[in-house]
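Since the structure comes first, as structure tokens, the remarks are kept for the end.
We did not get these values from a lab; they are worked out from the coordinates using the rules stated. Owing to the predicted nature of the structure, the values given are computational and were not obtained by experimental measurement. Neighbour counts are summed over all protein chains in view; Cβ atoms, including those assigned to glycine, are modelled from backbone coordinates with ideal geometry.
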Amino acid sequence: MLNYFFFVRNELSYDTYHTAADRLYRVAIDIQSRADNRVFAQTSAPLAAALQRDFPQIEKAVRLVKQSNQLVTYGPGKSFYERTFYLADPQILEVFTLPLVKGNAQTALNRPGTLIITEELAKKYFGNTEPLGKILKVNQEPFEVTGILKNLPYNSHLKMDLITSLATWNKQDWYKKDVAENWHSTMFYTYIKVKEQVNIPAFEKQIKTAANKYVREQIKDWGVTYHYFLQPVKAIHLHSQLKDEAEVPGNAINVYILIVVAVLIIFIASLNYINLTTAQSANRAKEVGVRKVIGATKKALMMQFLCESLLLTFMALVLALAIVFLTRPLFEALSGQTYAFALLFTPQFILTLLGLTGLVGIAAAIYPALVLASFRPVTVLKGSLSLGAKGGGLRQALVVCQFTISLMLLVGTMMVYRQLNFMKDQNLGFEKEQMLVLPVRGTSMADNYEQIKSEFQRHPAVVSATTSASVPGQEVQNFAVSLKDEADDKGQSMYYLFTDFDFLKTYGIPIIAGRNFDKTIQTDKESAFLINEKAVKAFGWATPEEAIGKKLAAGFGGDGEIIGVYKDFHYRSLQAPIEPLIMAMVPWRLNTISLRLNTKDLPATMAFVQKKWQELFPQNPYEYAFLDEEFNKQYQADEKIGRIFLVFTAIAIFIACLGLFGLATFVAQQRTKEIGVRKVLGASVSSIVSLVSKDFVKLVLVSFVIATPLSYVLIGKWLENFASRIAISWEVFVIAGLALLVMALLTVSYQSIRAALANPVNSLRNE
């Protein structure tokens with residue numbers, strides 16, 4: 001359980017390391033249009049400055065822009081893709097706790113082309129040489145290293161390895177023209193540090209319509225509303241599932257489920273202790289009787305039994321700590337997280353652990369102590385106390401509790417894996433198998449993407465090739481869009497995927513109205529759009545054919561005509577619904593090559609692709625991925641929870657079966673003489689095994705009746721997190737119930753058969 005404590009604590013402690021964590025908030029936006037409303041983690045470029053200017057409650061405001069997988073080079077020999085590259089305002093070091101181990105925090109980001117990197121990256125690129133003042137190239141652009149950042153803790157929702165000044169963009173014409181004062185784009189994460197004693201609910205109401213001061217008439221004409229709201233930074237990891245999150249967030253429900261399950265497992269173990277202790281109570285009856293005769297009080301006896309329980313519990317704690325250290329690598333691989341075991345030696349943790357251990361020890365022992373201390377010495381010493389008579393009904397109730405919990409966990413585990421397999425096997429609306437994806441970062445393909453495709457297609461195993469800004473399973477950009485020449489049109493926000501002529505053909509996505517992009521038509525390259533079925537509905541058209549020929553004004557600066565409608569496909573995970581998606585051709589945005597392969601001789605094909613890559617992109621590291629594997633990576637968090645849940649379930653069932661084994665042993669001992677008499681009278685081994693086992697089978701059946709409706713309700717709530725999900729089928733409960741019944745029978749049968757095969761002479765010789 002300690003390993004799971006570390007996992008849960010890690011999930012609950014995200015971003016608590018900031019010194020002003022309670023005053024840090026992210027500003028998010030809810031954009032409501034005629035079609036729907038969408039909630040984004042990112043906001044517009046001018047928002048941060050406007051908030052700080054208009055609201056005195058704000059101490060500092062900062063913007064961040066994430067640029068994933070940038071090509072970073074140093075000299076001729078070191079070239080890597082770095083996943084977490086951010087542009088930020090200089091005050092980022094004043095808002096967040098980001099200590100520099102080298103460099104001046106006041107000036108590190110105060111001019112264009114400056115760069116802060118982590119200690120880990122400094123070691124990676126510069127070794128033991130002084131990094132300050134060195135030049136790193138990011139996508140062939142030079143940046144001066146002006147600061148070395150202490151490696152961030154794992155439990156941060158912002159993974160920042162490189163941070164450059166946002167002033168770097170100020171000299172870019174596209175930024176000044178289309179972004180800097182554009183209230184309608186969403187590409188900046190906006191964070192604020194509020195002053196102390198600020199009334200957050202009241203302040204949040206004030207900023208809700210902050211954009212109205214600057215673009216009220218424009219958003220009114222579009223028929224949209226912008227509503228801003230605050231998210232505590234400490235709550236983002238577990239409680240934020242917005243569009244365009246900086247990192248894949250956690251899931252609060254899963255964490256709470258794990259907490260409950262951990263408590264239930266401890267509860268099962270405690271039930272075992274209570275069950276077996278009360279069942280074995282008569283074995284200590286004479287001890288209690290003698291102690292009472294010589295003057296022991298009930299209080300003293302209770303203290304003795306409580307101390308015994310506490311001693312056992314603390315011995316278990318020592319053993320658990322040893323197991324934690326031994327299994328740490330396995331659990332880190334299981335959970336996908338790294339844990340700081342220095343936590344074990346903090347006073348807070350030690351006191352908490354000792355307190356919980358003591359509480360469990362006392363809670364588990366208090367009822368057995370009351371039972372044992374309440375024996376009457378006269379009854380005990382006369383030998384008239386029925387062995388194990390006290391608490392028979394309670395023991396049965398405790399067994400039912402154990403197996404109810406175990407059955408719920410088993411059903412839950414089966415449903416988790418069924419849902420994951422469903423998502424992996426679902427028809428996504430495109431062909432993801434045999435698709436090789438090659439990211440091209442830091443190098444433009446705008447002028448030669450067709451030539452690059454043809455070079456790869458020289459190999460006969462390369463069936464088809466296309467280039468795009470992203471592929472299914474990766475991020476797609478969001479821009480505003482409106483119908484041109486439509487007086488009553490109200491703008492809305494939609495996703496865009498930038499592609500070339502061959503994307504639909506390569507991915508096997510059918511056109512259902514109109515036509516695909518055509519290389520022979522020049523306007524297709526400059527002013528044509530393809531939309532999906534969801535976009536047709538969002539614009540309010542009755543049929544796909546009605547959309548053909550309509551004019552669109554796109555938020556990224558391109559206007560054009562809808563020439564085709566393609567069938568909906570899942571460009572994001574099945575956890576999210578399919579939303580409107582527009583395809584357009586913008587060559588300078590193309591940064592990914594997709595190759596459909598014939599995999600008959602895959603090693604030779606891959607060798608050709610690598611050699612061709614090195615010819616075409618000699619400065620870029622060769623990286624590749626198969627699309628089906630990449631797409632399924634979106635489910636890693638759910639798979640991680642599934643694995644943890646599986647281990648939890650195995651532990652719970654094992655503990656329950658251990659308790660059942662001990663109880664079966666005791667029952668067999670209690671009925672030794674009865675079994676001996678039955679054998680003398682001619683009872684068969686099978687009838688005796690059935691006699692001993694049937695009571696336990698009844699308890700498992702009662703557990704099944706209780707666990708089934710509870711599991712159904714809880715699993716239904718969990719499945720609501722998925723836009724595409726399986727139905728809860730009755731066979732899952734039957735399979736889980738039968739599996740648990742078989743395990744219970746196997747557990748009990750050993751003692752039952754042993755008792756049935758025992759020589760009756762040994763049990764009856766004293767009668």
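Numbers for the structure displayed
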item: The range 23-73 shape via C-alpha gyration tensor axes, a/c threshold 1.5; result: oblate
item: Estimated FRET transfer efficiency when R0 is 30 angstrom, pair Asn128-Ala235 (beta carbons, to 0.05); result: 0.15
item: Approximate spin-label separation Glu526-Lys195, in nm, with each point projected 7 Å along Cα-to-Cβ; result: 5.5 nm
item: Options [x] 95, 75, 52; [y] 106, 56, 56; [z] 112, 57, 51 - which one matches Cα extents along the principal axes in Å as calculated here; result: [y]
item: Dipole of the chain, positive direction: furthest Cα of Ser703, Ser470, Thr43, with charges on the beta-carbon; result: Ser703
item: Label point distance in nm, Ala202-Gln348, each placed 7 Å from Cα along Cα→Cβ; result: 3.1 nm
item: Residue-span extension gain [Cys307 to Glu674] - 0.36 nm each, minus C-alpha spacing; result: 128.5 nm
item: Note, ³J(HN,Hα) from phi for the range 76-83, Karplus 6.51, -1.76, 1.60, rounded to Hz, x at Gly and Pro; result: x, x, 10, 9, 9, 8, 9, 6
item: Dipole axis of the range 441-619 (+1 Lys, Arg; -1 Asp, Glu on Cβ), positive-most option in Pro510, Leu581, Met494; result: Pro510
item: Whether the range 441-619 is rounded, prolate or oblate, judged on the alpha carbon gyration tensor where a/c under 1.5 counts as rounded; result: prolate
item: Which of Val471, Val248 has the fewest Cβ neighbours within 10 Å, and the rest in rising order; result: Val248, Val471
item: Nearest-20 debye value, the range 441-619 charge dipole, Cβ charges on Lys, Arg, Asp, Glu; result: 640 debye
item: For the chain, size of Cβ-based charge dipole, Lys and Arg +1, Asp and Glu -1, in debye; result: 3620 debye
item: Inter-site label distance for Glu475 and Glu119 at 7 Å from Cα along Cβ, in nm; result: 2.8 nm
item: Extension gain, Ala322 back to Thr225 (0.36 nm per residue minus Cα-Cα distance, nm); result: 29.2 nm
item: Residue order, fewest to most surrounding Cβ atoms within 10 angstrom, among Ile58, Ile268; result: Ile58, Ile268
item: Mean Kyte hydropathy of 0.0 or more with a Cα span along the axis of at least 30 Å, helices from DSSP in the chain; result: 252-279, 298-335, 347-373, 392-425, 636-670, 685-719, 730-757
item: Packing-based exposure ordering (other Cβ within 10 Å, fewest first) of Leu166, Leu420; result: Leu420, Leu166
item: At R0 = 51 Å, FRET efficiency that the Cβ-Cβ distance of Lys150 and Leu719 yields, to 0.05; result: 0.75
item: Extension gain (nm, one decimal) between Ile366 and Ala683, 0.36 nm per residue minus Cα-Cα; result: 110.0 nm
item: Among Leu351, Gln231, Gly540 - extreme Cα towards positive end, dipole of the chain, charges at beta-carbon; result: Leu351
item: FRET efficiency, 1/(1 + (r/R0)^6) with R0 35 Å, evaluated for Tyr622 and Lys484 via beta carbons; result: 0.20
item: Of all DSSP beta bridges in the range 441-619, antiparallel share, percent nearest 5; result: 75 percent
